[in-house]
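The values are calculated or read from the model by the stated rules, or taken from the named source; none is laboratory data. Remember, predicted model here, so these are calculated numbers, not experimental data. Ideal geometry is used to build each Cβ from the backbone, glycine not excepted, and the neighbour counts take in all protein chains shown.
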Amino acid sequence: MTDAEERPPMREMRSAECWERVEAAPYGRLGTYAGGEMDLFPVNHGVDRFSIVFRTAPGTKLLALTVDQDVLFQVDGIDGDEVFSIVIKGRANRVERDREIEAAERLDLVTWAPGRKDRWVRITPRDVQGRAFTLPAGLARPGG
């Protein structure tokens with residue numbers, strides 16, 4: 001019996017594993033709800049003291065966070081014969097104190113989107129959940 005055959009087809013991930021995978025992911029998705037509209041934004045991010053930090057510019061994301069600070073942050077990926085998804089529910093706030101901005105800048109985040117990204121946002125989680133699914137034997141690996 002292979003390692004994949006011994007694992008359950010779906011498992012709940014522990015908090016520590018969720019954070020390891022969120023930290024290793026190059027980007028995640030920020031889900032917002034404002035003015036009756038839902039939006040989903042890809043963002044490069046970092047992890048700082050069990051919170052999500054990202055850079056942004058004035059625009060839709062910041063406006064949405066002004067209207068409603070409750071957000072979702074999602075990361076997914078493939079690790080060997082497993083696919084995983086992590087959802088973080090939390091509250092987003094602009095980072096405005098010099099000391100916090102300096103700490104965020106030490107994360108050395110590089111944004112993929114062009115343009116000046118001089119605003120920082122921190123998501124303070126209230127719930128972190130992750131699931132991993134074992135790919136069935138013989139199934140082509142997504143993206144591969």
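Within segment 99-144, the set of residues being under 21 Å from the mean Cα position of the chain (by Cα), modelled with pLDDT under 80 and within 24 Å of Phe84 (Cβ to Cβ) comprises Pro142, Gly143.
Condition check for Leu40 on (1) surrounded by 13 or more Cβ atoms within 10 Å (Cβ to Cβ); (2) part of a strand (DSSP E or B): one failure, at (1).
Of the residues in segment 97-112, how many are at negative phi and part of a loop (DSSP other than H, G, I, E, B)? Full working, then the answer.
Pass one, segment 97-112, residues at negative phi: 97-107, 109-112.
Now drop any that are not part of a loop (DSSP other than H, G, I, E, B), which leaves 97, 106-107, 109-112.
Of the residues in that region, 7 qualify.
If you scan segment 105-121, which residues turn out to be over 17 Å from Pro58 (Cβ atoms) and surrounded by 12 or more Cβ atoms within 10 Å (Cβ to Cβ)? Scanning segment 105-121 gives Glu105, Leu107, Leu109.
Which of the residues spanning segment 72-90 are over 22 Å from Val110 (Cβ atoms), of a type in the set (A, V, I, L, M, F, W, C) and buried (at least 16 other Cβ atoms within 10 Å of the Cβ)? Full working, then the answer.
Kept after step one, since they are over 22 Å from Val110 (Cβ atoms), are these residues of segment 72-90: 72, 78-85, 87, 89-90.
Those left that are additionally of a type in the set (A, V, I, L, M, F, W, C): 72, 78, 83-84, 87.
Answer for segment 72-90, where residues must be over 22 Å from Val110 (Cβ atoms), of a type in the set (A, V, I, L, M, F, W, C) and buried (at least 16 other Cβ atoms within 10 Å of the Cβ): Leu72, Val83, Phe84, Val87.
Checked against (1) touching a strand residue (DSSP E or B) at 6+ places or on another chain (Cβ under 7 Å); (2) without any contact (Cβ under 8 Å) to a residue 60 or more places away in the chain, Asp81 passes all but condition (2).
The single condition from (1) part of a strand (DSSP E or B); (2) in contact with a Phe, Trp or Tyr (Cβ under 8 Å, 6 or more places away or on another chain); (3) farther than 13 Å from Val121 by Cβ that Leu30 fails is (3). Taken over segment 67-86, the criterion of being within 16 Å of Trp120 (Cβ to Cβ) and not in a loop (DSSP other than H, G, I, E, B) is satisfied by Val71, Phe73. For beta carbons closer than 8 Å, sequence separation of 6+ or different chains, a first residue in segment 113-136 that is on the phi > 0 side of the Ramachandran plot and a second that is among the hydrophobic types (A, V, I, L, M, F, W, C) and in a loop (DSSP other than H, G, I, E, B), the qualifying pairs are Gly115/Ala57. For segment 48-66, a residue qualifies if it is touching a residue at least 40 places away in the same chain (Cβ under 8 Å) and either closer than 19 Å to Cys18 by Cβ or in a helix (DSSP H, G or I) (or both), and the qualifying residues are Asp48, Phe50, Ser51, Ile52, Val53, Phe54, Lys61, Leu62, Leu65.
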